Amino acid sequence: MARQGQRQSGATGTASRRRRRGRSTDSDGLIPVLAKAVREVEAAVERGNVRPSIRTKFQVVALLVREERARVNADTTSGDAYRDEQLRRLDGVATILAKSAARDTSLLVLLAEDAVMSPAAVALKREMQIAAGEEPPAEEPAPAEPTETAAPVRRVVPQSVVQRQLANPFLAPDFSAPPPPKPKARRLAGWELITPLLKSFEYAAASASKALPEPGFVRLSPGLELMRHQGQLVAAAAAGHRTFLLADEPGLGKTAQALLAAHAADAYPLLVVVPNVVKTNWAREAAIWTPQKKATVIHGDGDTIDGFADIVVVNYEVLDRHVGWLGDLGFRGMVVDEAHFIKNKKSQRSRNVLQLSERIRSRTARPLLMALTGTPLINDIEDFTAIWQFLGWIDEKGPGGILMEELEETGLTPADPGFYAAARACVINQGIVRRRKVDVAADIPARRIADLPVELDGAVGHSIRQAERELADRLVARYETALATRNSGAVVDGIDHDLVRQVAGWERADKDAAKTGENVFSLLNRIGNAKAGLAADYAAQLAHNVGKVVFFARHIEVMDVAERIFTERGIRYASIRGDQTSRKRQQNIDAFVNDPDVSIVVCSLLTAGVGLNLQVASNVVLAELSWTNAEQTQAIDRVHRIGQEEPVTAWRIIAAQTIDTRIADLIDAKAGLAARALDGSDEEVASSADFQLEALAALLTNALTK
């Protein structure tokens, strides 16, 4: 990426500099290309329409400005006048970038030195360089990402797996099913298609869900019953469809659908990759829905697993040590639960999952591959990329064979009107299945979120309010200094909101700021601790009056306070924390679900916010606020799901007259990406809200109005 070094050492760079010196107009070269692009970014930000493509353009322009400035400063063959003029023009582009970032602070993360460039950004950078008449360096393979641990990965092969391998040493690939059609390069030959495919979900006009057949007959154990939407997916698997992004809203029974789809497709042995907190529950669900198939769970090195089981359940955290033998076992199906966990393709767990998927697809012509997640989009439309690659719909370079054939059959290219709608339909047809509770489970009672403002009294409350005032004073001082020293000449009546957001960004990025006072993280932590007793008191009252209650907190200290209060009051509770073993965690879940005397379950928001069925309760207490709407929704949906018979209420404990209230407002204002990309909502797709920056901006604005 370092263009300066490449140009100084290579012939290409020399030729590029010669071409530049030969230009005589301001309309040639890289800077006009950058100027045009940055104006497009500026216009989009002013409209509040910052789509992923705009974010990509912002990042590329910033990178090229940085590189061009370094090149100009190092150019000793040009005169001072030429160099000063080029730097002045680059400063103009940089100023517009800074103003845009101040208006939409979520762009600031793209300016970091270690910000990851997506394939779309790399491609756009080359396009802009070529448009400027440059010869960009030949594409090189991306450098290997560092592993998540400094120690080498320890691989194991459990003894029972060795026995299975010895019992069947000539395990052959399964190519009995017809292979997928080979892609034919016709109309779309030479087009970069990944970006247009992702972009097609920015302009959704209808719900994103594949048409499914009506439910067929499914033999179930006595007492079990499938809802219509569940039976439809099982029928699709029985009819031969083999890849699904099952994105049903949380609580609609995705686990049962996956297990029965595997049975309908005879996709055994089946590999299931899940978060640690739910792997024991998966084995239990398998025993309920497919009792004729043996399930085994991998713990640690896998010493206790049954190597001959039909279903192997493994959690992300230990997958790296088992990925070798798992790839050779001959799986005919693979399910990835909470598939948004693999959205970062650079992470070790994502690489492990993609490696296993590729291995399974290489040995089985048409394996069953299922990605389950109620929140497939959290940060960006590009969160889709790793999931689609796991399913085999795309690879690193473009669409897979089946998807490419469907795209070719449209007769369109990205330059044609109607391509995006047609492309979106093609992707959905690969197996995106998205159903909402309101549409398919009318018998699930409604839910509501009720805010309970609490006053933080006494010395603790006074200390927190004082710390918030000190933080506000520091922000005001930054703002006034920036206002007094800027030389742009701009005059704004009243509060300069662009500058407010810029100051908030500086504060957020200043790691040394907390040395002289609170930062936004430590302040919210203190507020959470101050609310802990009040939240626990309210949960105790609820438990006494309405029955079982689910209590969520973010910090261990808050959980400790709540559990101490419950103990003092003689209230029996269960606890779900990240440091528990799977067995202990399941024992605690069972105690809450089955023991009528266990009134409250105290849950870590980060550990127990996914995959648990706690619908025995209908009241949730959120003692601390989430940083995202998706995280809050996942927590509430542990209760609001199939099997719930009562209206669900989530009680948010909010510290009045503090920054806590602003965080709550931000959560409510930022709808999830799935609302537009998958559900056909009219709401704009936006990047995940940077709640810290927004909260700081609100704090500064309030201070300036006093």
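Couple of notes before you dig in:
- Filtered residues of the range 288-300 (kept if of a type outside the set (Lys, Arg) and modelled with pLDDT of 90 or more): Ile288, Trp289, Thr290, Pro291, Gln292, Ala295, Thr296, Val297, Ile298
- Taken over the range 330-374, residues that are surrounded by fewer than 20 Cβ atoms within 10 Å (Cβ to Cβ) and of a type in the set (A, V, I, L, M) amount to 2.
- Of all residues in the range 529-557, those satisfying the criterion of being touching an Asp or Glu at 6+ places or on another chain (Cβ under 8 Å) and either modelled with pLDDT under 85 or not in a helix (DSSP H, G or I) (or both) are Phe552, Ala553, Arg554, His555.
- Only a single item in (1) at pLDDT below 70; (2) crowded, with 23+ Cβ neighbours inside 10 Å is not met by Ser688, and it is number (2).
- Selection count where residues are in contact with a helix residue (DSSP H, G or I) (Cβ under 7 Å, 6 or more places away or on another chain), outside any helix (DSSP H, G or I) and either closer than 26 Å to Leu107 by Cα or at pLDDT 70 or above (or both), scope the range 508-528: 2
- Those residues of the range 256-305 which are polar (S, T, N, Q), within 21 Å of Gln580 (Cβ to Cβ) and within 27 Å of the chain's Cα centre (by Cα), in sequence order: Asn276, Thr280, Asn281
- Annotation note: of Val602, Val620, the sole residue that is closer than 27 Å to Arg526 by Cα and in contact with a His (Cβ under 9 Å, 6 or more places away or on another chain) is Val620.
- Here Glu192, Glu249, Glu225 are screened, and the one residue that is within 30 Å of Ala120 (Cα to Cα) and surrounded by fewer than 18 Cβ atoms within 10 Å (Cβ to Cβ) is Glu192.
- Checked against the criterion of being of a type in the set (Gly, Ala, Ser) and under 20 Å from Leu259 (Cα atoms), the candidates Gly431, Gly418 yield just one match: Gly431.
- When Asp310 is tested against (1) within 22 Å of Leu166 (Cβ to Cβ); (2) touching a residue at least 60 places away in the same chain (Cβ under 8 Å), only condition (2) is not met.
- Residue match in the range 438-445 (condition: within 30 Å of Ala697 (Cβ to Cβ) and modelled with pLDDT under 85): no
- Of all residues making up the range 635-650, the number that are modelled with pLDDT of 80 or more and crowded, with 21+ Cβ neighbours inside 10 Å: 7
- Scope the range 311-342; condition outside any helix (DSSP H, G or I) and aromatic (Phe, Trp, Tyr); matching residues: Phe331
- In the range 668-685, residue modelled with the highest pLDDT [restricted to those that are farther than 26 Å from Gly253 by Cα and hydrophobic (A, V, I, L, M, F, W, C)]: Ala669
- Test: residue in the range 579-598 that is touching a Lys or Arg at 6+ places or on another chain (Cβ under 9 Å), buried (at least 21 other Cβ atoms within 10 Å of the Cβ) and of a type in the set (A, V, I, L, M): no
- The single condition among (1) in a helix (DSSP H, G or I); (2) surrounded by 15 or more Cβ atoms within 10 Å (Cβ to Cβ); (3) touching a residue at least 40 places away in the same chain (Cβ under 8 Å) that Val65 does not satisfy is (3).
- Hits in the range 530-557 (condition: free of Cβ contacts under 8 Å to residues at least 60 places away in the same chain and farther than 22 Å from Asp597 by Cβ): Gly533, Ile556, Glu557
- From the list Arg424, Arg448, Arg435, the lone residue that is at pLDDT below 90, closer than 30 Å to Leu666 by Cβ, of a type outside the set (S, T, N, Q) and surrounded by 14 or more Cβ atoms within 10 Å (Cβ to Cβ) is Arg435.
- Criterion violated by Phe308 - all others in (1) assigned to a helix (DSSP H, G or I); (2) surrounded by fewer than 24 Cβ atoms within 10 Å (Cβ to Cβ); (3) aromatic (Phe, Trp, Tyr) satisfied: (1)
The values are calculated or read from the model by the stated rules, or taken from the named source; none is laboratory data. The structure presented is a predicted model; accordingly, all values stated were derived computationally and were not measured. All Cβ positions, even for glycine, are placed from backbone atoms using ideal geometry, and neighbour counts span all protein chains on display.
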